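Undergrad: I have a structure I would like to understand better, so I am pasting it below and will then ask my questions one at a time.
None of the figures in this text is laboratory data; all of them are computed from the coordinates on show. As the structure is a computational prediction, the values presented were derived from the model and not from experiment. Because the Cβ atoms are built from the backbone with ideal geometry, glycine has one as well, and the counts that use them run over all protein chains shown.
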Amino acid sequence: MASGRCGCACREVSDLTKIWVDPARCQGHARCFMIAPETFYIDDEGYGHVVEGREGAFEEENTRKAIRNCPERAIKLIETEGV
Ligand code: SF4
């Protein structure tokens, strides 16, 4: 398994690290979509989600910027092993 630091050097990441939007925190500001529409979309009720197949894009500049700019800190990096 590869491991290292994410692009913003805030934590350890591995091949199992995925982006996840915590539905309990997301308040639907759509800032993630405005910054990184290739990685995030907004559902019919206005809440943010990760585009299918983009869960591992946390090292891309736009995605990192979106994560940093979520006002609710709802976008998280999680380990998916055993999930
Ligand atoms: S910026 Fe954060 S709070 Fe706003 S829609 Fe995206 S994940 Fe939800």
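Undergrad: Given a Förster distance of 25 Å, report the FRET efficiency between LEU16 and GLU52 from their Cβ-Cβ distance, rounded to the nearest 0.05. Provide the component values of the computation, followed by the final result.
TA: On the way: r = 17 Å, r/R0 = 0.69.
After rounding, the FRET efficiency stands at 0.90.
Undergrad: Give me the one-decimal nm value for the distance between modelled label points at GLU60 and GLU38, 7 Å along each residue's Cα-to-Cβ direction.
TA: With each label point 7 Å from Cα toward Cβ, the separation is 0.4 nm.
Undergrad: Show me, for the stretch 55-63, the HN-Hα J-couplings you get by feeding each phi into the Karplus relation (A = 6.51, B = -1.76, C = 1.60, θ = phi - 60°), rounded to Hz, glycine and proline as x.
TA: Ordered by residue, 3J(HN,Hα) equals 5, x, 8, 5, 8, 6, 4, 4, 5 Hz.
Undergrad: Hey, can you grab everything whose amide H is under 5 Å from the amide H of GLY28? Only 5+ residues off in sequence or another chain; H modelled, so Pro and N-termini drop out.
TA: GLY48
Undergrad: Which far-off residues, 5 or more places away or on another chain, put their amide H under 5 Å from the one on PHE40, with H placed in the peptide plane?
TA: VAL51
Undergrad: Need the full-extension length gain, LYS76 to GLN27, defined as separation in residues times 0.36 nm minus the C-alpha distance. One decimal, nm.
TA: Numbers: separation 49, 0.36 × 49 = 17.64 nm, distance 1.44 nm.
Additional length available on full extension: 16.2 nm.
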